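The values are calculated or read from the model by the stated rules, or taken from the named source; none is laboratory data. From a predicted model like this one, the values you see are computed outputs, not experimental measurements. Here the Cβ is made from the backbone with ideal geometry for all residues, glycine too, and neighbour counts use every protein chain on show. Protein only, heavy atoms only, side chains kept; ligands, DNA and RNA dropped before computing areas. Shrake-Rupley method; radii C 1.70, N 1.55, O 1.52, S 1.80 Å.
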Amino acid sequence: MKSIISWFAENHVASNLLMMFLIIAGILTIYTIKIEVFPQVSTDRISITAIYPGASPAEVEEGVIRRIEENIAGLSGVKRIDSTARESFASVVVEVIRGWDINELVDDIKSNVDRITTFPDEMEEAVVREIEITSEVIHLAVYGDAPEKTLKHLSEKLKDEITNLEGVTVADLFGVRNGEIHIEISESTLRRYGLTLGQVANAIRRSSFDLPAGSVKTKSGEVLIRAKGRRYYASDYKDIAVITKPDGSKVTLDRIANLRDGFQDSDLISRFQGKPAAIIRVFRVSDQNALDVVKKTKKYVEEIKGSLPEGIKIGYLNDRSVILKSRINLLMKNMLLGLVLVSILLAVLLNMRLAFWVTLGIPISFLMGLWLIPTMDVSINMLSLFAFILILGIVVDDAIIIGENIFRKQEEGLPPLKAAKQGATEMGRPVIFAVFTTIAAFSPLLTGSGMMAKVMKCVPVVVIFVLLGSLVESLMILPAHLAGGSHAKPIGAGKKEKRTSIWLKKFISGPYFRFLNLCIKWRYITLSISFFVLFLCVGTMNGGWIKFNFMPKVESDEMICMITMPAGTPFDRTAEIALKLENAGREILKEADAKRPKDSPSLFEHCRALVGVHMAGHGPQGGSVNLSGNLAQINIQLLEGEKRDVSAAKLVSMWRKRAGAISEAESITFQSELFSVGNPIEVHLSSDNQDMLIAAADDLKAELGTIPGVFDINDSFMPGKMEMQLKL
């Protein structure tokens, strides 16, 4: 270590080249590093989904789920299987053993599922895929007083144009029903022509498809032959021959049926600002920059706003670049503030030149860390920015310790070069141990398992690399700068010693020295006091005075209400409840605005209501979607936290009270957290007797409801729709 420090202190060119290399490498990395909101990692889970139209949950379980479980349970790499049976839908989630090749297991599961021959004939093909965290960056709401067909057509056009933008690859349409061609034939018409619906369906199926017919080799070359018969609109089906008589006359489809273009008969409504809407979700994929994707999307929207049909507007929602930019701005603000404070403090107490070179260690260490973190597949995201902010106050300590010791050696009369060598060498060992003890404290986070460990990996990687950068800067770069050239004068040479420096020395040699002697003289009392403070800290934690929360709630600028009605609830009733809760949310914001100063901006930004769907928000579970007519969700966007004087948590509490109890709902949950990792507390009950299990869950919920402060109690059991069973 001594030889390395001495060599760099003597070779100023090498030291400056190292410094310039780290600065340039870090700056270049800024333009190439991946920027995202949350780290995109594998969840180590595989999803198997299948649609079984018209089947009850019991039929789905017996005919689909049990078949899948029996065929994949014995595969190597499978840790756990969780299955859910809903009406017409089966979902099986496979948790993979840590370290197993998930792509290989996906292939094995797909092969086993494809070999199952006992699936019901009506079941659609099962879909096997790896579950990944989606990287949505912004949603666009196309809304207005217009028919659903118009909104969907315009949204599809906008979606295609957005994906054609340079740097934007993936976008999809959400919140609108899929198109469908409706062919309606009355019973009397079928009887008149002696037809069945199956015969008509077969005639339509035979007349609407593209058929490859091989190729023909000619003297001029080979020509492909293909019959084009695919039909896409209701008007294209009019001339399909349903009946062909012996005399050659035909009965076409338009003579016996009503044809029209429409939508699937599914329960789904989207509203934005109280008007019908279609949602375009824009994603960041691969190494794309989330901020660039949002910037280009917004720029395109601003360009085409003037050409939209009258009455139709485009609004932004769920813009995740806002919070990412706020964290970047916070980091830059804190870094700048740290640079200024460190410079002022060192300049006042020590020397201006020393203050400059020590302060320069902060950006050099950060740039080295920024240069290295992509090697560990870490991007710029919410968590890595948090780590940069966390390490900001630690990273400058090494340079201060070594710089101050070199300054002291020069004050004692040593030449600058010799002072730099001795000062850095003396403090090199304790600085190295200080850095490595901090690294050791963060290293266990790299060895965790599960999805959260993959997400949290950003924090220790950033801390470790920035601390190593601080070590390199303070031991290899700083001594050369403080030594100066071969003819350099000592720091502060020829200048009168500062009054603040004199005061500091008097304090160290006076009160501090006497206090230190006292502690050493009465060392057993000093140790006793130390252990007393330690036990006091442990006692306050074990006694519950200091609360523990693994993942503290981080408030967002959005209030969310999730509604689950009993299965089979009429869609109109679900929409009515959703509208009631939406109005309650708007009312409490109006009341809160009335209590604020008149010139204050409104707390309400915009509102989105989804009926027939639950969509997860931020975090590892973000992007998951559940569709059912008994579900609804209201998202109310608030004014930015920096501009409002009331917390989102308080507003959500007011919203919950205003909404009141809705006895017919299975569950209604309110939240305002930015990042959610699941329910705070879960109790798992299991039994072979379903009636006993349901009764036990109801009793437990009733008991939990009597505990003060416990709310939003629900269970995972959803009663099915009423069913009429016929026995012949």
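In terms of solvent-accessible area of protein heavy atoms at a 1.4 angstrom probe, what is the ranking of Y512, Y237, highest value first? Kindly include the intermediate steps, with their values, before the conclusion.
Numbers: Y512 110, Y237 20 Å².
Descending accessible area places them as Y512, Y237.
Sorting the segments 154-164, 344-354 by their mean number of nearby beta carbons within 10 angstrom, highest to lowest, gives 344-354, 154-164.
Based on alpha-carbon atoms, the Kirkwood radius and the radius of gyration of the range 160-221 give Rg/Rh equal to 1.26. In the chain, the convex hull through the Cα atoms has an average projected area of 51.2 nm², a quarter of its surface area. For the range 12-108, the Kirkwood hydrodynamic radius comes to 17.3 Å, computed from all pairs of different C-alpha atoms. What angle do you read, to the nearest 10 degrees and between 0 and 90, between the alpha-carbon axis of helix 571-594 and the longest principal axis of the chain? Approximately 30 degrees, to the nearest 10. In this rough spin-label picture, where each label sits 7 Å from Cα along the Cβ direction, the K643-D114 distance is 5.4 nm. Direction-averaged projected area, Cα convex hull, the range 630-728: 9.8 nm², rounded to one decimal. Each residue was assigned an accessible area with a 1.4 Å probe, and for I380 the value is about 20 Å².
Of the residues V538, I563, F548, the one whose Cα sits farthest toward the positive end of the charge dipole of the range 496-577, with +1 on the Cβ of Lys and Arg and -1 on the Cβ of Asp and Glu, is V538.
Based on protein heavy atoms only, the chain ends up with 57 Å² per residue of surface accessible to a 1.4 Å probe. Measure nothing but the geometry: give the 0 to 90° angle between the long axis through the Cα atoms of 321-349 and the longest principal axis through the Cα atoms of the chain, rounded to 10°. The helix 321-349 is inclined about 0 degrees to the chain. Helical content of the chain, expressed as a calculated mean residue ellipticity at 222 nm, amounts to -14500 deg cm²/dmol (DSSP H runs of 4 or more residues, -39,500 (n - 2.57) each, divided by residue number, nearest 500). By the Cα gyration tensor, the range 217-340 has an equivalent ellipsoid whose semi-axes, rounded to whole angstrom, run 55, 26, 13 from largest to smallest. Can you give me the C-alpha center-to-center distance between the range 340-369 and the range 124-196, rounded to a whole angstrom? Answer, in whole Å: 58.
Sorting 356-363, 513-520, 702-709 by their mean Cβ neighbour count within 10 Å, with the most densely packed peptide first, gives 356-363, 513-520, 702-709. Here N258 and E156 are evaluated by their C-beta separation; at R0 = 25 Å the FRET efficiency comes out at 0.45.
When all alpha-carbon pairs of the range 345-399 are counted, what percent fall beyond 12 Å? Pairs farther apart than 12 Å: 70 percent.
Helix 290-304 sits at what angle to the longest principal axis of the chain, using alpha carbons and giving 0 to 90 degrees rounded to 10? Around 50 degrees separate the two axes. Dipole size of the chain about its Cα centre, with +1 on Lys/Arg Cβ and -1 on Asp/Glu Cβ: approximately 3260 debye, rounded to the nearest 20. Within the accessible area of the chain, the carbon and sulfur atoms contribute 58%, probe 1.4 Å, all protein chains present.
Lys and Arg at +1, Asp and Glu at -1: add these up for the other residues within a Cβ distance under 13 Å of S235 and post the number. Cβ neighbours under 13 Å give a net charge of -1.
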